[in-house]
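Novice: Would you mind keeping the following structure in view while I ask a few things?
Nothing in this text is a laboratory measurement; each read-out follows from the coordinates by a stated rule. Keep in mind the model is a prediction, meaning the values are calculated, not measured. We place every Cβ from the backbone using ideal geometry, glycine too, and count neighbours over all the protein chains shown.
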Amino acid sequence: MKLKEEKLFHSSFIYVCIAHFCLFFAFYLILPVMPLYLIDEFHAGKSLAGIILSSYTLAALLVRPFSGFIVDSFVRKPVYLLTYFIFIGYFSGYIFATSLLVFTIIRATHGLPFGIVSTASSTIAIDVMPASRRGEGIGYFGIMGTIAMATGPMTGLFIMETFSYQAVFLSSIIIGVLGFVFANCVKTEKRALVEQKIKLSFDRFVLLKGLPAFPTVLLLAFMYGMLITYLILFAREININTGGGLFLTLMSVGLILSRLTAGKVIDKGHLTKMIIGGKLLLLVAISILILTENIYTFYIIAIFIGIAFGFIAPAYQTLFINLAEHNQRGTANSTYLTAWDMGLGAGVLIGGQIAEVSSYHSAYVFGLFCILISVLIFIKFTASYYNKNKLR
């Protein structure tokens, strides 16, 4: 019986991983295409494009706290399937949007179902994995998103260059429908719902014990948001006019390599060391990226950036889970993802503003400074706080 409980790769875990891959593949497929589409088709400026793109993350951010409450208060699988279906449907809106205003409305509101489905997806994944292998399970689950990031942008750019922008959006719908089929196959155990008579309070929407880690995640995500959104435009500034998709692919290779080992290290109790080490590596890697104009260095450093994020991301998610009670998993996930979304949105928005008045190079320098602040806060305060307050 014990062996059965410790089994990680059973059918439901595999299905939720595949569904997670499809969800994020559909998301990443259009991500590098979006700024090009806005500039080429609607003639939007850099600043306006940044505002429109960040509206997606803002919408996801607004719904995040409520998504944790919804996931913890209702049966998770119906919530998961409903929001997954709505998320897929939004891609058709990009095909039929004929004006910048309509496109902006669709892009902004698209973030609402994403904010809920991504929280539900990660919470269900944690539900179906054994607690003794949670760090490892989160690592493998995260690899699905990493593979999506490795293949999605490159595939999206290929489809755009070979066919059209509309073909990219249609491809997102197709892969999303496939993911929905696998999501429907996931079997979750029945659980007792949170008592509805309990008065609503702030801690039902935000994991209060996770707040000391919140700003360190936000500052980290700030750089990540700029990195993946403006990479192609940044590369053009340093006269690297091809290979944006290859950079993201190599970055994802690094992410996968580090995630394969990160989970086991986290489960052995080295969570804070993993976060600190990953951030220090990221500081060095981003510094080199900013300073180089050599195409080979540009691609090689992508692997190390991926390794750094691969160490950091599963460790942070485990940190929030370990600070929460079992019936607060949805809230813990939504709080972590809220910090991440807030940083992503701010990075895209502010990065676009900085690029408008200066350059994407300057925006990346500002992002590097944010990583440094994140490291200092974590070392000085967050790490010791976590060690004193963790529940497992």
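Novice: Which of the DSSP-defined H helices in the chain satisfy a minimum axial length of 15 Å, computed from C-alpha atoms, and a minimum mean Kyte-Doolittle hydropathy of 1.0?
Specialist: On the way: long enough: 11-30 (29 Å, 2.02); 46-73 (41 Å, 1.13); 76-96 (32 Å, 0.90); 100-127 (41 Å, 1.23); 134-162 (41 Å, 0.64); 165-185 (31 Å, 1.79); 214-237 (33 Å, 1.57); 244-267 (35 Å, 1.26); 271-291 (30 Å, 2.23); 295-322 (41 Å, 1.65); 329-357 (42 Å, 0.41); 360-377 (26 Å, 1.97).
Both cut-offs are met by 11-30, 46-73, 100-127, 165-185, 214-237, 244-267, 271-291, 295-322, 360-377.
Novice: Still on this structure, please answer the following. For the stretch 1-128, max minus min Cα coordinate along each principal axis, in Å, sorted largest first?
Specialist: Cα extents, longest axis first: 62, 26, 23 Å.
Novice: Rounded to the nearest Å, what's the spacing between the alpha carbon centres of the stretch 314-368 and the stretch 130-186? Just the number, please.
Specialist: Cα centroid of the stretch 314-368 versus Cα centroid of the stretch 130-186: 20 Å apart.
Novice: Roughly how large, in nm² to one decimal, is the mean projection of the convex hull of the alpha-carbon atoms in the stretch 22-66? Let's see the in-between values first.
Specialist: Working: hull surface 14.7 nm².
Directional mean of the projected Cα hull area for the stretch 22-66 stands at 3.7 nm².
Novice: Counting other C-beta atoms within 10 Å, which of 76, 236 has the fewest, and how do the rest follow?
Specialist: Values: 76 23, 236 14.
In order of increasing Cβ crowding within 10 Å: 236, 76.
Novice: How much length is gained if the chain between residue 391 and residue 7 is pulled fully straight, taking 0.36 nm per residue apart and subtracting their Cα-Cα distance, in nm to one decimal? Provide the component values of the computation, followed by the final result.
Specialist: On the way: separation 384, 0.36 × 384 = 138.24 nm, distance 2.29 nm.
Length difference between fully extended and current span is 135.9 nm.
Novice: Additional query: How many nm is it between the label spots at residue 47 and residue 357, if each spot is 7 Å from the Cα in line with the beta carbon?
Specialist: For the pair residue 47/residue 357, the computed spacing is 0.9 nm.
Novice: Then there is this: Take the Cα atoms of the stretch 240-392, build their convex hull, and give its volume per residue in Å³.
Specialist: It comes to 113 Å³ per residue, whole-number rounded.
Novice: Let me ask something else about it. Which residues make up the longest stretch of the chain clear of GluC sites (Glu not before Pro) that lie in a DSSP loop with no more than 16 other Cβ atoms within 10 Å, not counting the sites?
Specialist: Segment 1-188 is the longest.
Novice: For residue 257 and residue 39, FRET efficiency with R0 = 30 Å and r from the beta-carbon atoms, rounded to 0.05? Kindly include the intermediate steps, with their values, before the conclusion.
Specialist: Values: r = 34 Å, r/R0 = 1.14.
Calculated transfer efficiency: 0.30.
Novice: Can you put 391, 231 in order of Cβ neighbours within 10 angstrom, beginning with the fewest? Could you put the intermediate results ahead of the total?
Specialist: Numbers: 391 11, 231 24.
Final ranking by Cβ density, sparse to dense: 391, 231.
Novice: Would you work out the relative contact order for the chain, in percent, from Cα pairs under 8 angstrom that are 6 or more residues apart? Walk me through the intermediate numbers first.
Specialist: On the way: 664 pairs, mean separation 110.5, N = 392.
It rounds to 28 percent for the chain.
Novice: Counting residues in the chain as N, plug N into 2.2 N^0.38 Å and put the Cα Rg over that result. Before the final figure, lay out each step's value.
Specialist: Numbers: Rg = 19.8 Å, N = 392, 2.2 N^0.38 = 21.3 Å.
Compactness ratio reported: 0.93.
Novice: Could you check the spin-label model distance between residue 293 and residue 236? Points 7 Å from the Cα along Cα→Cβ, value in nm.
Specialist: 1.8
Novice: Longer than 31 Å from Cα to Cα, which of 7/273; 187/273; 187/388 are they? Say none if no pair is. Walk me through the intermediate numbers first.
Specialist: On the way: 7/273 27 Å; 187/273 35 Å; 187/388 35 Å.
In this structure, 187/273; 187/388 lie more than 31 Å apart at Cα.
Novice: Longest span of the chain, sites excluded, free of chymotrypsin sites (Phe, Trp or Tyr not before Pro) in DSSP loop with at most 15 other C-beta atoms within 10 Å?
Specialist: Numbers: sites that count: 9, 74, 163.
So the longest stretch without any such site is 164-392.
Novice: Right, next: Order by neighbour count: 373, 350, 301, fewest other Cβ atoms within 10 Å first, most last.
Specialist: Values: 373 14, 350 19, 301 24.
Placing the least packed residue first, the sequence is 373, 350, 301.
Novice: Assuming R0 = 22 Å, can you tell me the calculated FRET efficiency for the pair residue 211 and residue 74, based on Cβ-Cβ distance, to the nearest 0.05?
Specialist: On the way: r = 25 Å, r/R0 = 1.13.
After rounding, the FRET efficiency stands at 0.35.
Novice: Compute the Rg/Rh shape ratio of the stretch 337-392: radius of gyration over Kirkwood radius, all on alpha-carbon atoms.
Specialist: Computed over Cα atoms, the ratio is 1.15.
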